[in-house]
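What follows is a single structure, written as structure tokens, with notes after it.
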Amino acid sequence: MGGRGRPPLHNINMKIKIQKKIINIIALLLAILIVCLVLTIANPFSVSAHSEHVGSSAQSMVTMETSTKTVLYQKNPHKKLPMASTTKILTAITVIENTPDLGKKVKVPPCAVGIEGSSIYLQNGEELSIRDLLYGLMLQSGNDCAVALAVITSGSVEKFSELMNKTALKFGAENSNFTNPHGLHDDKHYTTAYDLALISAYALENEIFSEISKTKKHTAPWEGRNYPRVINNKNKLLNQYDGADGVKTGFTKKAGRCFVGSATRNGMQVVSVVINCGPMFQETENLMTRAFNEYSMEQILYPGQEIGVISIEDAKNETMKYGVITQRFYPLKKGWIDNINYGWTLKENLTAPMNAGDYVGTLEVHLTVNGTVSTIMTENLVSLEDVHSKNIWDRLKDIID
């Protein structure tokens, strides 16, 4: 028999339980989505939305503009691979950042003598400056220099590898793991083209690293001999590519031919990483030339640039101009400057008094390419002028008016 009436209590309870489960699932999915969006927006090292996937003979490749860490071209940018002696880029910057006196003379430890692979033929107990060892590391890719520097800096290769990993994370290289300072093969020693580009871009910001990286030839004392040790750079682009200024070659049978090259033209520096690439020099030349032909550094923000005007409560001058006080550049293709627009948020309850330079909000710079909008930079918004509070006479005038 059918009829109307109140459904059984256990049915109601069952429906309530099901509804709660559905609500909990929806809430969980929304939370995950929000976290993903926040991470995407907050991570300044994500691959830009307008970077191009390009054909390359490399197994993995990234070409990046160094000052903004913007990826221009990519292929398998996050594939974890061995990288041979390009490891030494991280080794060098780790030593530089953790050594107060690079001119200090040190003795070569016995464990650094006779390391397989490339070498500058260090001798047990030989005295060299840490700076000379860095030149041997970066120019001639001395594996013996790598071990010597690791032990001198941290006491052991294992402890130095831990320091390398901490340094890499500081640069945003989250998909890498380093177990040695030289790059000889280890299944647990790997990076990605994107991480290696980040590491290289940050290393190149260091003046000492940059100077060593672009040096074609260096001479150092050679204990027991009446002539100096001559250390030549294996990076051929330094002699044949206009603007070349770094950084490091690498090769093992497992990793293949690996190369990180950099060059600067017209105020723009690019770094190009190719991993497991037979024609590594030619490929790097082609990618950097393409970058210089297609991109240029365009000024996006100007010191003192006014973004807007807002009314300020209790202010003598009633309004306040706000904007940015820093200049920022970004690599853009021809015509892309017209696709730049701004979005911003201001703090609530802005009141006088305020000083010029006080933080008032956040500015986002957006770039639209082929219908896709991406946030290319964020910047603090500040007051561009002093904002004074009304005094008693100002308030009296307001009453009279």
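The values are calculated or read from the model by the stated rules, or taken from the named source; none is laboratory data. Just so it is clear, the model here is predicted, and its values are computed rather than measured. Neighbour counts run over all protein chains shown; Cβ positions are idealised from the backbone, glycine included. The area values use the complete protein model at the heavy-atom level, side chains included, leaving out ligands, DNA and RNA. Shrake-Rupley method; radii C 1.70, N 1.55, O 1.52, S 1.80 Å.
Here is how the numbers come out for the structure above:
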quantity: Projected label distance in nm at Glu127 and Thr375, using a 7 Å step from Cα toward the beta-carbon; calculated: 5.6
quantity: Alpha carbon convex hull of region 224-366, projected area averaged over orientations, nm²; calculated: 16.1
quantity: Residue-normalised accessible area of region 219-369, expressed per residue, 1.4 Å probe, Å²; calculated: 50
quantity: Dipole moment magnitude, nearest 20 debye, the chain about Cα centre, only Lys, Arg, Asp, Glu C-beta charged; calculated: 1700
quantity: Signed unit charges on C-beta, dipole axis of the chain, positive-most listed residue Ala193, Tyr302, Ser154; calculated: Ala193
quantity: Net charge dipole size for region 110-220 [Lys, Arg +1 and Asp, Glu -1 on Cβ; Debye, nearest 20]; calculated: 220
quantity: Residues Asp338 and Glu385, FRET efficiency given R0 of 25 Å [Cβ-Cβ distance, rounded to 0.05]; calculated: 0.25
quantity: Residue among Ser176, Asn355, Tyr330 farthest towards the positive dipole end of the chain, charges placed on Cβ; calculated: Ser176
quantity: Between region 158-189 and region 215-247, the Cα center-to-center distance that results, in Å; calculated: 26
quantity: Rounded Å value of the spacing that divides the Cα centres of region 309-367 and region 53-116; calculated: 38
quantity: Proximal aspartates and glutamates relative to Lys236, as straight alpha-carbon distance under 20 Å, when same-chain residues fewer than 8 apart are discounted; calculated: Glu211, Asp245, Glu283, Glu285
quantity: Cβ-Cβ FRET estimate between Ala220 and His78, R0 fixed at 30 Å, reported to 0.05; calculated: 0.20
quantity: Kyte-Doolittle mean at least 0.0, axial Cα span of 15 Å or more - DSSP H helices of the chain; calculated: 9-42, 87-97, 143-154, 193-204
quantity: Gain on full stretching of the segment that runs from Tyr359 to Glu207 - 0.36 nm per residue minus C-alpha separation; calculated: 51.6 nm
quantity: DSSP-defined beta bridges in the chain - what % are antiparallel, rounded to 5; calculated: 95
quantity: Sulfur and carbon atoms: percent of accessible area, the chain [1.4 Å]; calculated: 52
quantity: Segment Cys111-Ser311, length gained on full extension (0.36 nm per residue, minus Cα span); calculated: 65.1 nm
quantity: Inter-site label distance for Leu169 and Glu298 at 7 Å from Cα along Cβ, in nm; calculated: 3.8
quantity: Nitroxide proxy distance, nm - points 7 Å out along Cα→Cβ at Arg265 and Asp186; calculated: 3.9
quantity: Net charge contributed by nearby residues that have their C-beta within less than 13 Å of Lys105 (K/R +1, D/E -1); calculated: -2
quantity: For the chain, calculated [θ]222 nm from helices alone, where every DSSP H run of n ≥ 4 adds -39500 (n - 2.57); calculated: -10000 deg cm²/dmol
quantity: Charge dipole magnitude, Cβ of K and R +1, D and E -1 - region 68-134, Cα centre, debye nearest 20; calculated: 440
quantity: Under 30 Å between alpha carbons - lysine pairs in region 69-121 that sit 8 or more apart or on different chains; calculated: 9
